[in-house]
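In what follows, a structure is listed as structure tokens, so that the remarks can point back to it.
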Number of protein chains: 2
Amino acid sequence: MAESENGKDGKSAAKRPKIDAENEKRNADEQSTDNPVVDFQLTRILRDNPREKSIFIHGKVKDQDAVVILEKSPFRQDSLPELLKTSQLKLEMQNDVYSTYQLHAPPQLNEIKTTVMCPATEKHIKKYLHQEVFLLEESGEDYRNLTLPYISGQSFSVQWVYNILEKKAEADRIVFEDPDPDAGFVLLPDFKWDQKQLQDLYLIAIVHRRDIKSLRDLTAEHLTLLTNIRSKGEETIQKKYGVPPSKLRVYFHYQPSYYHLHVHFTAVEYNVPGCGVERAHLLSDVIQNLQLDSSYYHNRSLSFPLRADDGLLQRFREAGKI
Amino acid sequence: MAESENGKDGKSAAKRPKIDAENEKRNADEQSTDNPVVDFQLTRILRDNPREKSIFIHGKVKDQDAVVILEKSPFRQDSLPELLKTSQLKLEMQNDVYSTYQLHAPPQLNEIKTTVMCPATEKHIKKYLHQEVFLLEESGEDYRNLTLPYISGQSFSVQWVYNILEKKAEADRIVFEDPDPDAGFVLLPDFKWDQKQLQDLYLIAIVHRRDIKSLRDLTAEHLTLLTNIRSKGEETIQKKYGVPPSKLRVYFHYQPSYYHLHVHFTAVEYNVPGCGVERAHLLSDVIQNLQLDSSYYHNRSLSFPLRADDGLLQRFREAGKI
């Protein structure tokens, strides 16, 4: 629920339909006999991401609703020499040692990944529709009066977390465990990380204790747990992946996407969604804050982003808090 | 100096050569007579950004060093119908309502922006070479023993800041001023924002006081200044741009890229470089922390990213801190 536009951590990645993986190879070299979007009638742009060169479009194909996602492909290092040799360049400007061009590449060296959902349901369309994001400021009192009742009423299941902790699921993915019931945790790769390269390293530490919903519940009582996660998490990642603590960003989300305490370990150079100051809280800061004041996260006003369609935002609106 | 890979705030944008602006139109419709990169010999990839579909390459053109930057262009909403109609689609997989394709577009509808620097100097090459980033943890003592002497020794000029405060430069860009010598500040658009759309709104508040280098110098004495910046900055942005406080991310950088206290106001949905939890500090958190403990930023260990070639990192290394 309290998931920002960027909030795709934890399990949510695993829940998305695996449209790419399974059949990708099967039809790889087949040429489609017809262009399914040749008579596409554009209804509206659902979302435009100029920085990442992707766009999400709603339209009609033969009277059926369709969602089309276009995304330019990254440069392939192995085809760069061919790209530069075989393209046409149109000069735009020249000044001293600098010149700029528009490069016209052979289409097969400059592909656009295209995903078509047809017929698309209202749910597909809503999923891709850009939702405005608001920054809320939640006081400790707001948490107890609005957020906590909302969370409790939603009965979000964290059964999948318990399955991991009890080794009923994903046991083979666990890279470290401290079984201590108070200070212990399991460490495993996040689903968004394919573990093929270290640039986008992403692991999650999930605590064994089941009574800590989020940052808001932390007090000085939990300092042993937190310093344990920090030291053993960093040690494991150094040993297993050769990545030292100075290359890691270690943090909580608030709001988290599920209410069982967990810590994110990501490569510091990886600009991962959800690492912005408006949602992330460095573990090292949290430890110091609790050392200073045990009730720091109990009393403090915390800012976090919410999408316009989030139920919690609605609660804050009804209470006249925005 | 203490500028992370992403640290391009404040004035640094203005210092970069204006390679695009001046001559862009002049040669707009000229076709280049030859392809300057047709005999480009690739030396190495300086930087690859698959998420943003850009790549920085070092190579040789006729025995001269050259840097070539390639960046795929964003989708143009006005040419989408033509793009979909005139492209070829190669089916990759089909599963239920989902199908994926590689789209082969006419080259003029799928341009690649190309920047060539030739002959390129060592400085050009170094500028674009990816630098490893490390996360440092600086204690209050480290600040006084290592960082402060380093900053002071570098004699970074902030004359351009004084020029703004004294209306000797950029006076027409100021959108608000509170002239009070203690609690006052000027607010103006950051150079990275062209003010043409609100999606990437970015303003900077620069304080009139000249004795506050950064977050580290702040105490409870400065609370009036900080709450003043927050309330008048938000009020001005709401009035002038129609953007309410709930759509703003308001924060400091630590390390900042120049040592005269300033506050960043950016659109909350704009994933701007430097807004990550490892470098940004929300103004609302800073205010609360100083209310709790006037010496919070004097004593606290603060984490921040530094590029491998940063002189400050070298100091920390020599002192055995990493």
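The values are calculated or read from the model by the stated rules, or taken from the named source; none is laboratory data. Quick caveat: nothing in here was measured; it's all calculated off a predicted structure. When we count neighbours, we look across all protein chains shown, and the Cβ atoms used for this are built from the backbone with ideal geometry, even at glycine. The area values use the complete protein model at the heavy-atom level, side chains included, leaving out ligands, DNA and RNA. Shrake-Rupley method; radii C 1.70, N 1.55, O 1.52, S 1.80 Å.
Do the alpha carbons of any pairs in A:60/B:239; B:126/B:167; A:53/A:85; A:321/B:192 sit beyond 29 Å of each other, and which pairs?
A:60/B:239; B:126/B:167; A:321/B:192
How much length is gained on full extension from residue B:137 to residue B:194, taking 0.36 nm per residue of separation minus their Cα-Cα distance?
Separation in residues times 0.36 nm, less the Cα-Cα distance, equals 17.0 nm.
What nm distances, shortest first, do you get from the label point of residue B:273 to those in the other copies when the point sits 7 angstrom along Cα to Cβ?
Label-point separations across copies, in nm and ascending: 2.2.
Can you work out ³J(HN,Hα) from phi for every residue in segment B:146-153, in order, using Karplus 6.51 cos²θ - 1.76 cosθ + 1.60 and θ = phi - 60°, giving whole Hz and x for Gly and Pro?
With the stated coefficients, segment B:146-153 comes to 10, 6, 4, x, 5, 4, 5, x Hz.
Taking the alpha-carbon centroid of each part, what is the distance from segment B:261-283 to segment B:91-168 in angstrom?
15
By average Cβ neighbour count within 10 Å, what is the ranking of A:270-283, B:173-186, B:55-68 from highest down?
A:270-283, B:55-68, B:173-186
Quick check: at a probe of 1.4 Å, how many percent of the accessible area of the protein assembly as shown sits on carbon and sulfur atoms?
So the carbon and sulfur contribution to the accessible surface is 47 percent.
How much accessible surface area, in Å² rounded to 10, belongs to the heavy atoms of residue A:127 with a 1.4 Å probe?
90
Segment B:23-128: Rg/Rh from Cα coordinates, Kirkwood Rh?
My calculation puts Rg/Rh at 1.07.
Sort shortest first the distances from residue B:51 to its counterpart in every other copy, using label points 7 Å along the Cα-to-beta-carbon line, and give them in nm.
0.8
What is the ratio of the Cα radius of gyration of chain A to 2.2 N^0.38 Å, where N is its residue count, to two decimals?
After normalising by residue count via 2.2 N^0.38 Å, the value is 1.19.
Which residues does the label zone of residue B:123 cover in segment B:282-322, counting backbone N under 17 Å from a point 7 Å along Cα→Cβ?
So the set is empty, nothing qualifies.
Kyte-Doolittle cut-off 1.6, length cut-off 18 Å along the helix's own axis using Cα: show which whole DSSP H helices in chain B pass.
Membrane-span-like by this criterion, though nothing is claimed about a membrane: none.
Using a 1.4 Å probe on the heavy atoms of the protein chains only, list every residue of segment A:242-275 that has 20 Å² or more less accessible area in the complete assembly than in its chain alone.
Buried on complex formation: A:246, A:247, A:249, A:268, A:269, A:271, A:275.
How far is residue B:311 from the same spot in each other copy, in nm, shortest first, if each label point sits 7 Å from Cα toward Cβ?
5.6
Find the Cα radius of gyration of the protein assembly as shown, compare it with 2.2 N^0.38 Å by division, and give the number to two decimals.
Taking the Cα Rg and dividing by 2.2 N^0.38 Å, one obtains 1.01.
Could you tell me the distance between the Cα centroids of segment B:34-76 and segment B:284-322, to the nearest Å?
So the two Cα centres are separated by 37 Å.
Each residue of segment A:256-271 in turn: what ³J(HN,Hα) in whole Hz from Karplus with 6.51, -1.76, 1.60 and θ = phi - 60°, glycine and Pro shown as x?
x, 8, 8, 9, 9, 4, 8, 10, 9, 10, 10, 4, 5, 8, 8, 7
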